[in-house]
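Structure record follows, encoded as structure tokens.
Coordinate-derived values only; no laboratory data. This is a predicted model, so every value here is computed, not measured. Neighbour counts run over all protein chains shown; Cβ positions are idealised from the backbone, glycine included.
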Amino acid sequence: MGNRLVTLCPTDFYEDGSFDETYEIDDVNSIGSGKFSTVHLCWKRNDPDSKYALKALNTGGDDVSAIARVKEEIETLRLLGNHPGIITLIDVDDSQSNAIRIVMELCEGGELYDAIQDKSHYTEPDAKATIRNLLEAVAYIHSKGIMHRDLKPENILLVSKAKYTEVKISDFGLAKISRDYPRRLPRSHSICGSDFYLAPEVIKQEEYGREIDIWAVGVITYVLLSGSLPFFHQVLHKLYRQIVERDLSFPEDAWRNVSKGALDFILRMLQVRAADRLSAEQALAHPWLCGQSSGSSFGGSFQEFSSFGRSASESVPLRQPSGASANSDLQKVLSKSITNAHPLEHANKVNNGKAVASPATALQMPSLGATPSALQMRPNLGAPAGLGTMRPGMMPGTMPGTMMAGMQVQGRAPQAMMYR
């Protein structure tokens, strides 16, 4: 029983002939490149109309750990199989001594991150459809005894430019699998993920499970509806403090026309105590996603919102926040006069503390009276990338998101390796 990952074999995919006999590759034009890889369009010789993304990884270097992570991600994708909300692994060729060639589903819509930037924010109906599709994929991943551990708009791809609510989860480089599922759920103490989307228990370096993915979906929902990050600070320990204290607000200018149901949904995902968060299945049953009446918009009074909080909790059997009712939970957030919301920007990877302070260490850093050198600042690294995380690549010399593969082209030097 449990999840048993098998060693890759080139003949597991292409049964007739060699890899090169099966695929035609556009070697002349690349659709992306990185320090250790290039991405090209390819197609099967017997079906030239179906295009895929082929990523060629150079394995001749000394970074054995990075190569092992790539192979683990491939095996994870094989375990997940085909799902409409997950990037599909088409083929793998590891018959060469110094390269691995990976054929992935091609998503021409680009990253969800870029779609949000282009639109400023999603309309509520579009956000609702997007989050439903995302949660269905998350529920499926969790049902396989896997937690993703790095959900964010950069790792969510659009099927096409025209279908911007149809999304697929990519980047399983940090995924954690329970080898004894369903008897044991996936658990970890490792510090990994991306700063704006970290759950409180990861920052506090506590043991954590699949609930961290739910927290990330809550942050993504906030971002979709407002175009802003709910937690932001250039000083790392202050960002972490906001997250562990759930120091967020819903500025009226951005949330005036958003329904109360959407806010209730977000708050139920962003519970500091992991056990108080909705599961993916419970989130899919929330009235906001089910199309039930979500009450009027945020422009109403706090009293009206409080009444909605009670009615929503009565209509769905959801966990209540520990030590507080849904009513007081909503009032507390809405009564804030100061906001941490910040326009969306790329998240940075957290690692083992070599590049930035570890979350628990950062929380202990001085918040008052400290000199600039004493404060750990978020590095300005631009769009994050890494060999093992495999975020989608982009056309050289163009804006991000013109043609995206299901696996990442490394855009800059690899970050320090994450613990697993």
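What the table shows:
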item	result
Rounded, prolate or oblate (a/c below 1.5 giving rounded, otherwise prolate when a/b exceeds b/c) for the range 179-245 by Cα gyration tensor	oblate
Ranked list, fewest to most other Cβ atoms within 10 Å of each Cβ, for His83, His189	His189, His83
Residues whose placed amide H lies under 5 Å from that of Leu106, excluding near-sequence neighbours	Ala53
Alpha-carbon centroids, the range 199-263 and the range 107-164: separation in whole Å	17
Three-way shape call for the range 96-250 based on the alpha-carbon gyration tensor, with the a/c threshold at 1.5	oblate
Tyr181, Tyr164, Tyr122 arranged by Cβ crowding within 10 Å, fewest neighbours leading	Tyr181, Tyr164, Tyr122
Cross-link reach list, aspartates and glutamates versus Lys152, counting only Cα pairs under 14 Å and skipping chain neighbours closer than eight places	Glu111, Asp114, Asp171, Asp195, Asp213, Glu345
Summed side-chain charge close to Glu207 - residues other than Glu207 whose Cβ falls under 13 Å, Lys, Arg +1, Asp, Glu -1	+2
Calculated from backbone phi, Karplus (6.51, -1.76, 1.60) coupling profile of the range 237-245 in Hz, x at Gly/Pro	5, 6, 4, 5, 5, 4, 5, 5, 9
Long-range amide H partners of Ser188 with built H, under 5 Å	Tyr208
Anisotropy class of the range 10-108 from Cα gyration tensor, a/c 1.5 cut	rounded
Taking Cys107, Cys290 and counting other C-beta atoms within 10 Å, the order from fewest to most	Cys290, Cys107
Hz values of 3J(HN,Hα) by residue in the range 192-208 - Karplus curve (6.51, -1.76, 1.60), Gly and Pro given as x	7, x, 10, 3, 5, 10, 5, 7, x, 5, 5, 4, 7, 6, 8, 5, 9
Total charge dipole magnitude, the range 10-108, about the Cα centre, Cβ charges on Lys, Arg, Asp, Glu only, Debye to nearest 20	320
Integer Hz, Karplus 6.51/-1.76/1.60 couplings in order for the range 249-262, x for Gly and Pro	8, 10, x, 4, 4, 8, 10, 4, 9, 8, 5, 5, x, 5
